[in-house]
C-alpha cells in the first residue's frame with residue numbers, strides 16, 4: 001500500500017461526523033474505553049470515549065514515534081510494515097492500527113473486554129476509516145479553497161449590495 005499523495009489535508013464537518021460515528025460504534029462494539037486518532041507526524045486528531053487521563057500531546061508524539069520505530073523493525077525482518085501493534089499492561093492495554101499510511105487508530109481498553117474482541121471489531125473500523133481518510137487525501141485542496149473563496153465572495157457581494165443599496 002502506498003502513502004497518499006496529498007501533502008496537506010483537512011477535515012470537513014461531514015468528515016468529522018463520519019469519523020466520530022465509526023469510532024463511537026467501534027468503542028461500543030469492542031467495549032473499549034477510548035479511541036484516538038493520531039497522525040504520523042504526532043498530532044492528536046480526534047478523541048472519542050472516556051477522556052484520557054494523560055497529556056494528549058505527549059501521547060500523540062510517543063504514538064507516532066512508536067509506530068515509526070516498529071516500521072523500522074518490520075523492515076529489518078523483511079516485512080513492509082506492521083499494520084497493528086499491541087501493548088499489554090497489568091490493568092490497561094493499547095491496540096494500535098494503521099489507517100491509510102498517514103493516521104494511527106489507538107484504542108485504550110481494560111479488563112472489561114478482551115484483545116480478541118478488540119481485534120475483531122478493529123478490522124471493520126480500520127476498513128471504514130481507511131475509506132474516509134483515503135477520500136479526504138484524494139480531494140483536491142485547491143478545489144476546497146476555491147469553494148470557500150467563491151462562497152465567501154458571494155456572501156461578501158450580497159453584504160456590499162445591502163450596505164450600498166444596490
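Where a number appears in this text, it was derived from the coordinates with a stated rule and is not lab data. This structure is a prediction, so every number in the text was calculated from the model and none was measured. Cβ coordinates were reconstructed from backbone atoms using ideal geometry, including for glycine residues, and neighbour counts include every protein chain displayed.
Taking 7 Å steps out from each Cα toward its Cβ at residue 50 and residue 91 produces label points 0.9 nm apart. Among 93, 61, 10, sorting on how many other beta-carbon atoms sit within 10 Å of each Cβ, with the fewest leading, yields 10, 61, 93.
Here the range 1-114 was treated as a single set of alpha-carbon atoms; its pair distances binned every 5 Å from 0 give 2, 11, 20, 24, 21, 13, 7, 2, 0 percent. Using the Cβ-Cβ distance between residue 77 and residue 17 with R0 = 45 Å, the FRET efficiency computed as 1/(1 + (r/R0)^6) comes to roughly 0.70.
Each of 109, 82 has some number of other Cβ atoms within 10 Å of its Cβ, and from fewest to most they run 82, 109. Shown for 122, 136: other C-beta atoms within 10 Å of each C-beta, ranked fewest to most, produce the order 136, 122.
The Rg/Rh ratio of the range 46-89, with both radii computed over alpha carbons and Rh defined as the Kirkwood radius, is 1.07.
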